[in-house]
1. Which far-off residues, 5 or more places away or on another chain, put their amide H under 5 Å from the one on Gly67, with H placed in the peptide plane?
2. Provide Rg over Rh for segment 36-120; use the alpha carbon set for both Rg and the Kirkwood Rh (inverse mean inverse pair distance).
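Laboratory data are not the source of any read-out in this text; all were calculated from the coordinates shown. Predicted, not measured: the structure shown is a model, and the values here were computed from it.
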Amino acid sequence: MRNLTLSCLLLSFIGLQSCKNEEKQKAAEAAKAEGETIVSTACYKAIYEKDTIDLKLNTLKNGKLSGDMVMRVAPSTVRTGEVAGEFHGDTLFVDYTFKDNVNGDKTFKNPMALLKRNNQLILGNGTMQTTMGVTYLVKDKPIDFESVKYKFDTAECAEKK
């Protein structure tokens, strides 16, 4: 009888504990969703010779940024994807996850650094390194924001169809 009572107490304790964990998980998910609420949106366009890049950045409540970027690189490559990152000082570091029209369903992910200067975002040139399948900007090498191709100016946001 004593073992039965202990077993029942143990099972009820485990049941109560799992309910608490579920409540904590729901609260954490709600807080995360709250932080990912869009506060503002800005759009940019960069043109270099026959190349065009459209960038839409959403500033989130938690201070991070997300958005969409479409790169049309001459003669016919179109890369469409999403950016996600955050500012460190005046530099925006993002990961660009995209697919292009040449490789079909294959997904690529590249790091990018954009310097905010006045009302422009300047796409920097940096040394990239891939380790264990992850590409990143090398920390010890400076990012060049002077001799660059793409300087983004503010633009009207196009409505999605």
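1. Here Asn58, Val83 satisfy the definition.
2. Reported Rg/Rh, Kirkwood definition of Rh: 0.98.
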